[in-house]
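Quick notes on the structure that follows.
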Amino acid sequence: MIFDNNYKTIFNYFISFLGSILFLLVANYLNLQNIEKYILILSLSTIFGSVIYSSAIKSKIQNENICINFTSNAITVLIIIFIIVLVYLFIKENYFIVFFFLITILYEICFNLFSTYFIKHNKSFNHSKFLLIVSITKNLFLFLFLINNDLLKIILIYYFLFILFFIFQFKKLKFFFKSSSRPFKIIDLLYIFIGSLVFQIDKILGESLLLKENYITYYLIFKFASTFQIIGSLITQPLRNNMISLEKITKKIIKNLNKIILILILLLTCSNAFFILLSNVDIFSLHVFHINLENLIIFNLLSLSIIAHVYNGFYLDALFINDYGKINFGISLLVLIFEISILFFYKSLIVWSLGMLIGQLILLIFSKFIYLKKC
């Protein structure tokens, strides 16, 4: 039952994921300027895009319209957070970086609204095609390196065209924003924001705390580790849909989820064997990252943290759906403070990765305990 996914859908998702890695590898191979700035802005803007994406959990389809609910107070808090990030970038970066950040946020919102449309209408195959087309198109824009060597300027052209396309398609998507009896409240917004930071803070602060080479290497290793997020999301989607509709985690869901986690751990074991074979391939070490004991440990720690996130995500979402966003916010804030402490006091990538894993285990222990107690 948990493997009823359409093979074409899985193939499209997988190729689009490979495309996201290829984009960075090609940009790095071409030695394009501002790769580290692109990663920083991408990590920051993803947080804001996730607010739109996560709101899909509480959105309802009414008269063929997708109703996304926000309170005015939630919008105010989002604007305040947005201004804080802008001030941070104004102090740290130049004006062009700030402008690029604004456009990237618009792109993330448009991108995630498209994804929300496909998900809410249960069009997984169309969603996978959309991601595949986006991935291919984005990579094709790298050919602009022939006339410009700045990655930010290259991707800016792509963002403008994508946003323009979204504007022309917006009416067809039938989104409707309003307040209702089950709105996306301030505490929900804060939880999504802090929860996103838990997985992005190392990439955000890493741009300042790490050497450029180490920063890009760390991000590339993370992208390879995030394979388990893609696989985990694919094979747990039927279980997640069931949990969202029931608004609780049944024993059957837990049983199937345990099987999936075991499969992911077995795949991680196989991945280590694959990387050991790749250690003899010079082109991988030269243009991706060097396969040594340190990088393998980093990969395994990051992969395990993502696998733990696949598991604890069920309990966090169940609490969120049942209006325990305040509890989720408290747990996530605790983990975020812990991770920031690790990032500032240690410059070891292994320690950073271990901190990410410990953070996800804390989320798992607390969210499961509180869910069993409250729900």
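List of remarks:
- Any pair with Cβ under 7 angstrom, 6 or more apart, that starts in the range 197-221 at a residue that is part of a helix (DSSP H, G or I) and ends at one that is open to solvent by 30 Å² or more (accessible area, probe 1.4 Å): GLN200/THR46; ILE201/ILE340; GLU207/GLU36; LEU209/LYS347; LYS212/GLU36; TYR215/GLU36; ILE216/ASN28; ILE216/GLU36
- Pairs, first within 10 Å of ILE235 (Cβ to Cβ) in the range 246-266, second aliphatic (A, V, I, L, M) and open to solvent by 100 Å² or more (accessible area, probe 1.4 Å), C-beta under 8 Å, six or more apart: ASN256/MET1
- Against the test of being modelled with pLDDT under 70, among the hydroxyl-bearing types (Ser, Thr, Tyr) and open to solvent by 30 Å² or more (accessible area, probe 1.4 Å), the options SER54, SER72 yield a single qualifying residue, SER72.
- Residue selected from the range 291-303 under the condition in contact (Cβ under 8 Å) with a residue 24 or more places away in the chain and over 16 Å from the mean Cα position of the chain (by Cα), by the criterion most open to solvent (accessible area, probe 1.4 Å): GLU294
- Residue pairs whose Cβ atoms lie under 8 Å apart, separated by 6 or more positions or on different chains, with the first residue in the range 316-328 and in contact (Cβ under 8 Å) with a residue 60 or more places away in the chain and the second of a type in the set (S, T, N, Q), are LEU316/ASN328; LEU316/SER367; PHE320/ASN328; ASN328/SER367.
- Restricting LEU44, LEU78, LEU22, LEU18 to those that are part of a helix (DSSP H, G or I), aliphatic (A, V, I, L, M) and at pLDDT 85 or above reduces the list to LEU22.
- Which listed residue is β-branched (Val, Ile, Thr) and open to solvent by 20 Å² or more (accessible area, probe 1.4 Å), from ILE136, ILE105, ILE155, ILE201: ILE136
- Taken together, the residues in the range 211-258 that are modelled with pLDDT of 85 or more, over 23 Å from the mean Cα position of the chain (by Cα) and not aliphatic (A, V, I, L, M) amount to 5.
- Matching residues in the range 304-340 - criterion: being over 18 Å from ILE365 (Cβ atoms) and either of a type in the set (Gly, Ala, Ser) or open to solvent by 10 Å² or more (accessible area, probe 1.4 Å) (or both): ASN322, ASP323, GLY325, LYS326, ILE340
- Taken over the range 259-285, residues that are in contact with a helix residue (DSSP H, G or I) (Cβ under 9 Å, 6 or more places away or on another chain) and either surrounded by 12 or more Cβ atoms within 10 Å (Cβ to Cβ) or modelled with pLDDT under 75 (or both) amount to 14.
- Yes/no for LEU151 being modelled with pLDDT of 85 or more and in contact with a strand residue (DSSP E or B) (Cβ under 7 Å, 6 or more places away or on another chain): yes
- The lone exception for PHE118 - which of (1) open to solvent by 60 Å² or more (accessible area, probe 1.4 Å); (2) touching a His at 6+ places or on another chain (Cβ under 7 Å) it fails: (1)
- Residue ID - least open to solvent (accessible area, probe 1.4 Å), chosen from residues in the range 89-101 that are assigned to a helix (DSSP H, G or I) and free of Cβ contacts under 8 Å to residues at least 12 places away in the same chain: PHE99
- Hits in the range 341-357 (condition: β-branched (Val, Ile, Thr) and crowded, with 16+ Cβ neighbours inside 10 Å): ILE342
- Condition met for PHE366 (in a helix (DSSP H, G or I), open to solvent by 40 Å² or more (accessible area, probe 1.4 Å) and either more than 29 Å from ILE249 (Cα to Cα) or small (Gly, Ala, Ser) (or both)): no
The values are calculated or read from the model by the stated rules, or taken from the named source; none is laboratory data. Please read all numbers here as calculations on a predicted model, not as lab measurements. Every residue, glycine as well, gets a Cβ built from its backbone with ideal geometry; the counts of neighbours run over all protein chains shown. Side chains are part of the model used for accessible areas, which takes the heavy atoms of the whole protein and leaves out ligands, DNA and RNA. Shrake-Rupley method; radii C 1.70, N 1.55, O 1.52, S 1.80 Å.
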